[in-house]
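Have a look at the structure below before the remarks.
The values are calculated or read from the model by the stated rules, or taken from the named source; none is laboratory data. The shown structure was predicted, so the numbers you read here are calculated from the model rather than taken from an experiment. No Cβ is skipped: glycine too gets one built from the backbone with ideal geometry, and neighbour counts run over all protein chains shown.
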Amino acid sequence: MKEKGNYYFEQATIPKAITHMAVPMMLGMSVIMIYNVIDAFFIGKLNNTAMMTAVTLALPFTIILSGIGNIFGVGGGTYISRLLGEGKLGEAKKVSSVTFFLSLLAGFIFMLFAIPLIHPILKVLGAKGDTVLFTKDFIMVLIIGGPFVIANFALGQVVRAEGASKVSMNGMFISVIINIILDPILIFICHLNIVGAAIGTVVANTCALLYYVYYLKNKSSTLTVSIRTFKPTISMLKDIFKIGISSFLLDAFMIISVLLLNNFSAYYGDYAVAAFGISQRIAQLAQFAAKGLYIGVIPLIAYAYAAKNIKRMKSIIKITAAYIAILTFAFSLIIFIFREPIVHLFSNNTYVINTGIYILIALLISALFASITGLFIGIFQGAGRGKEATIMSVVQGILLIPIMILGKYTFGLDGIIWSMTITEILTCIIGLYLWIRLKRDPSMKE
């Protein structure tokens, strides 16, 4: 869609449509992934392992914020794309407003509950000793700015739902550029250290949110954010939440997995936790292109499915899967070749470097399976298949927890590391089975 009309949803060749929707998302995701690495780089320059550990321990909390945002963003966004495919433009406009205001409200409710529970939250995150104060400072800022971070995640999905992929990319660029500018100023010049990193994150997300609001109110021909169109109905909320909750469950089980990983790795000391945090950030770079692809094509899948253009939907999925395989392998290979100098950028500690490289290899092996799994989840979300999307969202966490526990007590740190790879492979196989079953459904007849 050239911001207006349905050209990319209906008329453009499939490679052209995928390029239009996915490339801006890939660029935006790449900048975000690079920022995550740069953020760790700035904290690492403080030469304080406890601070680096605190940022790693706080990761589940940032996932919570994105998870809440995705309840409304993924749920509302996929619903909007399906409504557009059915030609229900007025209803799509209402859903965009409902998505925005409910995400903002959810953020304020979350803030009110999280502030008095800060100390129990720290215990759950696994903060101990020197890391407690740093972790508390970091997540307290995120709690206060939570409503704006959550709403930003939600609206990023909404603008993408109508095909405005470049607008979504611009919002991500705004967030990352402001963050990169603010980080060194707040961390080093203002001497705010880890608090500065958190403030930079909140301010950057707020700026991106304001950009999305401006676009939807003044530039979008299809959607809006207006209190006049805030007219939620039971039917609308059911359609939003049946997909949105599956997305949240995916994030929730990811949180449980990260908490388990942090607590198990903490048994081997702060250096092990830091090694996991560094390697996970680097490994994300191998998946940024794939993630941009499978998130970017969800509106295309949803629109084609709702318009009953199943042949086009299947072609979109097939071509996207091929692109994902090629890009993930290429980026994984590059990172593997330069693994030692890359890890060395974030730490001078020999144990952290060696352990980080070992963990990185395991994560790179699992990258392709994780990327294809992401595509399967995107297919089910786009098709409005709440059951399949929910199964895929919970199965990874359900598998990882016993596999990681068994791995730890059988093989120690090695078992913890490779449990992630084993889980990704098994989850991908389950996703393939569900996709084959969906293709046999009567609604998928061409």
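Provide a single number: the residues in the range 337-359 that are in a helix (DSSP H, G or I) and either of a type in the set (A, V, I, L, M) or within 23 Å of the chain's Cα centre (by Cα) (or both). Don't jump to the end; show me each part of the working.
Restricting attention to the range 337-359, the residues satisfying the condition of being in a helix (DSSP H, G or I) are 337, 339-344, 350-359.
If we keep only those that are either of a type in the set (A, V, I, L, M) or within 23 Å of the chain's Cα centre (by Cα) (or both) as well, we get 337, 342-343, 352-353, 356-357, 359.
Final tally of qualifying residues: 8.
Please work out which residue is surrounded by the most Cβ atoms within 10 Å (Cβ to Cβ), limiting yourself to the range 203-234 and to residues that are in a loop (DSSP other than H, G, I, E, B) and of a type in the set (A, V, I, L, M).
Of all residues in the range 203-234, those in a loop (DSSP other than H, G, I, E, B) come to 219-226, 230-233.
Restricting the remaining residues to those that are of a type in the set (A, V, I, L, M) gives 223, 225.
Values: LEU223: 28, VAL225: 24.
Looking at the filtered set, the residue picked out is LEU223.
Looking at the range 167-198, which of the residues that are in contact with a helix residue (DSSP H, G or I) (Cβ under 9 Å, 6 or more places away or on another chain) and outside any helix (DSSP H, G or I) is nearest to ALA154 (Cα to Cα)?
If we take residues in the range 167-198 being in contact with a helix residue (DSSP H, G or I) (Cβ under 9 Å, 6 or more places away or on another chain) and outside any helix (DSSP H, G or I), then LEU192 is nearest to ALA154 (Cα to Cα).
Within the range 340-351, is there a residue that is crowded, with 19+ Cβ neighbours inside 10 Å, at pLDDT 90 or above and within 30 Å of PRO402 (Cα to Cα)? Talk me through it step by step, then tell me what you get.
To start, the set of residues in the range 340-351 that are crowded, with 19+ Cβ neighbours inside 10 Å comprises 342-343, 346-347.
Remaining after also requiring at pLDDT 90 or above: 342-343.
Checking which are within 30 Å of PRO402 (Cα to Cα) leaves us with 343.
The answer is yes; a qualifying residue exists.
Quick test for you: out of ALA362, ALA389, pick the one residue that is aliphatic (A, V, I, L, M), within 30 Å of LYS238 (Cβ to Cβ) and either assigned to a helix (DSSP H, G or I) or touching a Gly at 6+ places or on another chain (Cβ under 6 Å) (or both).
Details: ALA362 fails: within 30 Å of LYS238 (Cβ to Cβ).
Going through ALA362, ALA389 in turn, the sole match is ALA389.
In this structure, does SER366 turn out to be modelled with pLDDT of 90 or more and among the hydroxyl-bearing types (Ser, Thr, Tyr)? Steps first, answer last, please.
Values: modelled with pLDDT of 90 or more: yes; among the hydroxyl-bearing types (Ser, Thr, Tyr): yes.
For SER366, the condition - modelled with pLDDT of 90 or more and among the hydroxyl-bearing types (Ser, Thr, Tyr) - is met.
Evaluate the range 404-417: report whether one residue or more is in a helix (DSSP H, G or I), farther than 30 Å from ASN48 by Cβ and under 18 Å from the mean Cα position of the chain (by Cα).
No - not one qualifying residue is present in the range 404-417.
Every residue, every condition in (1) among the polar types (S, T, N, Q); (2) surrounded by fewer than 23 Cβ atoms within 10 Å (Cβ to Cβ); (3) part of a helix (DSSP H, G or I); (4) touching a strand residue (DSSP E or B) at 6+ places or on another chain (Cβ under 6 Å), yes or no:
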| residue | (1), (2), (3), (4) |
| --- | --- |
| LEU249 | no, yes, yes, no |
| SER257 | yes, yes, yes, no |
| LEU260 | no, yes, yes, no |
| ALA274 | no, no, yes, no |
| GLN280 | yes, yes, yes, no |
| LYS291 | no, no, yes, no |
| PRO299 | no, no, yes, no |
| ALA302 | no, no, yes, no |
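Please enumerate the residues belonging to the range 63-86 that are closer than 18 Å to GLY145 by Cα and either assigned to a loop (DSSP other than H, G, I, E, B) or out of contact with any Ser or Thr (no Cβ under 8 Å at 6 or more places or on another chain) (or both).
Answer for the range 63-86, where residues must be closer than 18 Å to GLY145 by Cα and either assigned to a loop (DSSP other than H, G, I, E, B) or out of contact with any Ser or Thr (no Cβ under 8 Å at 6 or more places or on another chain) (or both): ILE63, ILE64, LEU65, SER66.
Filtering the range 155-166 down to residues that are among the charged types (D, E, K, R) and in a helix (DSSP H, G or I), which residue is nearest to ILE295 (Cα to Cα)?
Here is the first cut: in the range 155-166, the residues among the charged types (D, E, K, R) are 160, 162, 166.
Cutting the leftovers down to in a helix (DSSP H, G or I) gives us 160, 166.
Details: ARG160: 9, LYS166: 14 Å.
Step by step, filter the range 155-166, then rank; the result is ARG160.
Could you list, ordered by first residue, the pairs with Cβ atoms under 7 Å in which the first is in the range 325-340 and within 20 Å of THR373 (Cβ to Cβ) and of a type in the set (Phe, Trp, Tyr) and the second is surrounded by 15 or more Cβ atoms within 10 Å (Cβ to Cβ) and modelled with pLDDT under 95, at least 6 apart or interchain?
As it stands, the answer is PHE329/LEU368; PHE331/LEU285; PHE331/ALA286; PHE331/ALA289, since those pairs meet every condition given.
Rundown of residues vs (1) under 25 Å from the mean Cα position of the chain (by Cα); (2) more than 23 Å from ILE139 (Cβ to Cβ), yes/no style:
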{"position": "LYS166", "(1), (2)": "yes, yes"}
{"position": "ILE178", "(1), (2)": "yes, no"}
{"position": "THR222", "(1), (2)": "no, yes"}
{"position": "PRO232", "(1), (2)": "no, yes"}
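Just one of TYR351, TYR303, TYR323 is of a type in the set (Ser, Thr, Tyr) and within 22 Å of ASP239 (Cβ to Cβ); which is it? Steps first, please.
Working: TYR351 fails: within 22 Å of ASP239 (Cβ to Cβ); TYR323 fails: within 22 Å of ASP239 (Cβ to Cβ).
Residue meeting the stated conditions: TYR303.
If you check every pair at least six apart or on different chains, which have Cβ atoms under 9 Å apart with a residue in the range 213-231 that is closer than 20 Å to LEU83 by Cα and touching a residue at least 40 places away in the same chain (Cβ under 8 Å) first and a residue that is among the polar types (S, T, N, Q) and in a loop (DSSP other than H, G, I, E, B) second?
Final answer for the pair search is LEU216/THR224; LEU216/SER226.
Please enumerate the residues belonging to the range 16-32 that are surrounded by fewer than 22 Cβ atoms within 10 Å (Cβ to Cβ) and modelled with pLDDT under 85.
Matches in the range 16-32: LEU27, SER30, VAL31, ILE32.
Among all residue pairs at least 6 apart or on different chains, which show Cβ distances below 6 Å where the first residue, located in the range 356-379, is within 14 Å of TRP418 (Cα to Cα) and free of Cβ contacts under 8 Å to residues at least 24 places away in the same chain and the second is surrounded by 21 or more Cβ atoms within 10 Å (Cβ to Cβ) and of a type outside the set (Gly, Ala, Ser)?
Qualifying pairs under 6 Å: none.
Could you please let me know if LYS123 is among the basic types (Lys, Arg), surrounded by 14 or more Cβ atoms within 10 Å (Cβ to Cβ) and over 25 Å from ARG228 (Cα atoms)? Lay out the reasoning, then the answer.
Values: among the basic types (Lys, Arg): yes; surrounded by 14 or more Cβ atoms within 10 Å (Cβ to Cβ): no; over 25 Å from ARG228 (Cα atoms): yes.
Criteria not met by LYS123.
Pairs, please: C-beta under 7 Å, at least 6 apart or cross-chain, first residue under 19 Å from MET29 (Cβ atoms) and in the range 172-187, second of a type in the set (S, T, N, Q) and assigned to a helix (DSSP H, G or I)?
Short answer, once both residue conditions are applied: SER175/ASN205; ASN179/THR201.
Going residue by residue through the range 425-436, is there one that turns out to be among the small types (Gly, Ala, Ser) and over 17 Å from the mean Cα position of the chain (by Cα)? Break it down stepwise before answering.
Within the range 425-436, the first condition is being among the small types (Gly, Ala, Ser), and the residues that meet it are 431.
If we keep only those that are over 17 Å from the mean Cα position of the chain (by Cα) too, we end up with 431.
Taking every residue of the range 425-436 in turn, at least one turns out to be among the small types (Gly, Ala, Ser) and over 17 Å from the mean Cα position of the chain (by Cα).
Out of curiosity, is ILE379 buried (at least 24 other Cβ atoms within 10 Å of the Cβ) and within 20 Å of the chain's Cα centre (by Cα)?
yes
Would you check which residues across the range 262-272 are surrounded by fewer than 24 Cβ atoms within 10 Å (Cβ to Cβ), touching a residue at least 12 places away in the same chain (Cβ under 8 Å) and either small (Gly, Ala, Ser) or in contact with a helix residue (DSSP H, G or I) (Cβ under 7 Å, 6 or more places away or on another chain) (or both) and list them?
Once the filter is applied, which keeps residues that are surrounded by fewer than 24 Cβ atoms within 10 Å (Cβ to Cβ), touching a residue at least 12 places away in the same chain (Cβ under 8 Å) and either small (Gly, Ala, Ser) or in contact with a helix residue (DSSP H, G or I) (Cβ under 7 Å, 6 or more places away or on another chain) (or both), the range 262-272 yields ASN262, PHE264, ALA266, TYR268, ASP270, TYR271, ALA272.
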